[in-house]
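Rule-based calculations on the coordinates, nothing more; no lab input. Please read these numbers as outputs of a predicted model, since none were measured by experiment. Ideal geometry is used to build each Cβ from the backbone, glycine not excepted, and the neighbour counts take in all protein chains shown.
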Amino acid sequence: MRSKNGIVVAIAVVAVAALVAVGWSLQRREQAVAVNVPAVGSPGHPAESASPDLVIPVASVTGRPAFYSTRVDGTELEVIAVRTSDGALRTAFNTCQICYSSGRGYYKQVGGYLVCQNCGNRFGMDQLGVAAGGCNPVPIFPEDRVTDGTNIIIPREYLAQAKALFASWKY
């Protein structure tokens, strides 16, 4: 019974975060987005930046997932970006919606799949950033970012809302 309660709490946390993000996203669309050059680090070596946003060059996004680390208010976060087989740009936080609290609920590429390092679930690149809920990477939907043709811009405020998902990370 204890693990069911934990799952229910985890789902509730993700649902509340998603609702807050959607509300914030709607407000954000009406505001101008300042694009600054971000300090993007590599996994395990994130950059702490005063820049308000994480900026991912569209030209760097291919069919092979790229992992972009950053630090927000002292918490390391990581974003996955990939171009799907139909050419769409997809993004997600590199943390599992169910396994994040284990500290090992992050993904590594194994062949053509992203594999959760906690539960072992596998996801094809075309599945990234599509669905909220369940055991998959936490999506960053198109309405939660800005794509200007040159860059994918993920607002710092949106990243800050996801800090709790990375609090137990053991990368």
Would you mind counting up the charge near Phe123? Only other residues with Cβ under 12 Å from its Cβ, with Lys and Arg at +1 and Asp and Glu at -1.
-> +2
Using a Förster distance of 25 Å, how high is the FRET efficiency between Thr147 and Lys170, based on the Cβ-Cβ distance and rounded to 0.05?
-> 0.20
So, by mean Cβ neighbours within 10 angstrom, what's the order for 82-90, 69-77 with the highest one leading?
-> 69-77, 82-90
On full extension of the chain, what length is gained from Arg64 through Lys163, given 0.36 nm per residue of separation minus the C-alpha to C-alpha distance?
-> 33.1 nm
Here the gain from full extension of Gln109 to Arg122, 0.36 nm per residue of separation minus their alpha-carbon distance, amounts to 3.7 nm
For Val130 and Asp73, compute 0.36 nm times the residue count separating them, minus their Cα-Cα distance, and round to one decimal in nm.
-> 17.8 nm
